[in-house]
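S.K.: Let me begin by handing over the structure; questions about it come next.
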Amino acid sequence: MKIYLRLLVLGIYLFLFSFTRIYALSLERKSVKDDVLYPSYRGLVMAGYQAWFTTDKDGSKRAWTHYYANRKDENGKRLPFGPGAANIEFWPDVREYEKVYQTPFVFKDGRPAFLFSSADESTIDLHFRWMKEYGIDGCFLQLFLSNVINRDSQRDKIFELCLKAAKKYDRAFALMYDLSGLSNEEHIKAVAADWNEKVKRYGITDPKKNPFYLYENGKPLLALWGVGLKAKKSTPKQFVALMDHIDRITGYHFSYLLGVSYNWREGGGDCYAPGSPLLNDLHNCIKRADIIMPWAVGRYHDKDTYRTCVGTILKGDAEWCKENKILYVPCVFPGFSWRNMKQWDRPYDFISRDHGNFFWSQIVGAKAIGAQALYIAMFDELDEGTAIFKCLNQQDVPLNDYKSDGGIFIGIDDDLDTDYYLWLAGEARKWIRDEKRYSDAQPKRRE
């Protein structure tokens, strides 16, 4: 009888312990969910954010980083920053910036042209304010492998300023490591250590400290870009090892977004050969993650070739991800140019914005395949001409001709406002969230 009584007491104890533990865990999950402003990427339109522009007098000691192209004259002598040596394709509209810096460039009427610096807190603040004003949910700050291997205090400062601005304006925020050069175990350890240091210093896993940090599947989201690109040094197994190592040294299981090759599913193109072992490794790597974002910039050149991609690529990609319970986030971009940056023998505005039609055609395609979120490349990428923030109209850009070489800057179409792509991105967000219904035709703006 005593044995049965003891067993009964033990059973009751185990039941109460299990119930208490389950109840405590449910409260913990409820608490995290309640404290987090962005528990999922679903329903969001996010943008990539470089924040890497500096000037010669902003205190960063980096001169005109990302504004300046290291170009040489006909005698092999390096040109100073000025006409013919610009790295950027568009010129930003700087009328709302608190701090701006005079450049060697001038406008047609002789007035000097000015640029902003990402090193200034007021610049980061303004960009996040624009995100809120135009309805863009937030951004992924880009951090490159080179900044991790050679620890970059300037990028650490930018990360901190973004955290501050995201909190001020209630914008979703997450970090994205650009790891296209990932190639060895030391790189893996360096990235994991960098993230671990940020997690500890800023309390990334504490939703009370960072309620705006983006989550997915109940965990803070970390984005890793560059897996599956055949032209790069990294392998899918290295990315899996990185995710495992991050979870191990931080003592926390994160959710992961992978920036993958555009042809990730069937292979070919920018990805590994169809049927190759590396392609199989890539699929296994993707299944380890929570979200994928195939890199689309430059993969099609106009709205007609994009429509072909929707039918032959995107639809199958979305179905594969649905079957494997992975969130599929299409990448969309407004246009593209590398003329100033690369000095290549192709026209300016190589992938034309076409008055917003190219950008909107991608929104239409994403909506057609049932996309629940978008990644916009990019918020401030002046270098490749993909920026959606405020840039000058074509008729208002500074001069960039060097000894009659035909150099120019591209501008926003003169019949559009300088903030047009911010506004259009906000309308895309409304459609993704089913707050408005649109069609193939661009929405008309009413002031």
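S.K.: Which residue fluctuates most in the GNM of the chain (Cα springs below 10 Å): SER153, SER361, SER40?
M.R.: SER153
S.K.: Just read off the accessible area of TYR328 with the full protein assembly in place, 1.4 Å probe, to the nearest 10 Å².
M.R.: Its accessible surface works out to 20 Å², give or take rounding.
S.K.: What accessible area per residue, rounded to a whole number of Å², is obtained for segment 182-285 using a probe radius of 1.4 Å?
M.R.: Here the residues of segment 182-285 average 39 Å² of exposed surface.
S.K.: Could you work out the pair-distance distribution P(r) of the chain from its alpha-carbon pairs, with 20 angstrom bin width and percents rounded to whole numbers?
M.R.: Reading upward from the zero bin: 24, 55, 17, 3, 1, 0.
S.K.: Towards the positive end of the charge dipole of the chain, with charges on Cβ (+1 Lys, Arg; -1 Asp, Glu), say which of TRP320, ASN400, GLY226 has the farthest Cα.
M.R.: Comparing the listed Cα positions along the dipole, TRP320 ranks first.
S.K.: Among GLN394, GLN102, GLN372, determine the one that fluctuates most according to a GNM of the chain built with springs between C-alpha atoms less than 10 Å apart.
M.R.: Among GLN394, GLN102, GLN372, the largest mean-square fluctuation in the Gaussian network model of the chain belongs to GLN102.
S.K.: Using a 1.4 Å probe and ignoring any ligands, DNA or RNA, find the accessible area of LYS57 and quote it in Å² to the nearest 10.
M.R.: 150 Å²
S.K.: Can I ask one more? Please identify the DSSP H helices in the chain that span no less than 15 Å along the helix axis (Cα) and have a mean Kyte-Doolittle hydropathy of -0.5 or more.
M.R.: What comes out of the filter, once short or polar helices are dropped, is 2-35, 236-250, 277-288, 357-368, 420-432.
S.K.: In Å and whole numbers, how far do the C-alpha atoms of segment 280-435 stretch along each principal axis, longest first?
M.R.: 57, 38, 25
S.K.: Same structure, new question: Give the residue list of GluC sites (Glu not before Pro) in segment 73-117 that are DSSP loop and have at most 16 other beta-carbon atoms within 10 angstrom.
M.R.: Sites meeting the loop and neighbour criteria: GLU74, GLU96, GLU98.
S.K.: Going through segment 208-279, which chymotrypsin sites (Phe, Trp or Tyr not before Pro) have at most 16 other Cβ atoms within 10 Å and a DSSP loop state?
M.R.: Hits after loop and neighbour filter: TYR252.
S.K.: With charges only on Cβ, +1 for K and R and -1 for D and E, what is the dipole size of the chain about its Cα centre, in debye, rounded to 20?
M.R.: Taking the Cα centre of the chain as origin, the dipole is about 1740 debye.
S.K.: Further question on the same structure: Ignoring ligands and nucleic acids, what accessible area does GLU197 show with a 1.4 Å probe (Å², nearest 10)?
M.R.: 50 Å²
S.K.: While we're on this one: Round to a whole number: what % of the accessible area of the chain belongs to carbon and sulfur, probe 1.4 Å?
M.R.: Within the chain, the accessible surface is 52 percent carbon and sulfur.
S.K.: DSSP loop trypsin sites (Lys or Arg not before Pro) in segment 363-407 with at most 12 other Cβ atoms within 10 Å of their Cβ, which ones?
M.R.: LYS403
S.K.: Could you rank SER439, SER404 by how accessible they are, 1.4 Å probe, largest area first?
M.R.: SER404, SER439
S.K.: With a 10 Å cut-off between alpha carbons and a GNM built on the chain, which of THR65, THR386, THR55 moves the most?
M.R.: THR65
The values are calculated or read from the model by the stated rules, or taken from the named source; none is laboratory data. The structure displayed is predicted, hence computed values, not measured ones. Note that each Cβ is placed from the backbone with ideal geometry, even for glycine, and that neighbours are counted across all protein chains shown. These area figures cover heavy atoms from the full protein model, side chains too; ligands, DNA and RNA do not enter into them. Shrake-Rupley method; radii C 1.70, N 1.55, O 1.52, S 1.80 Å.
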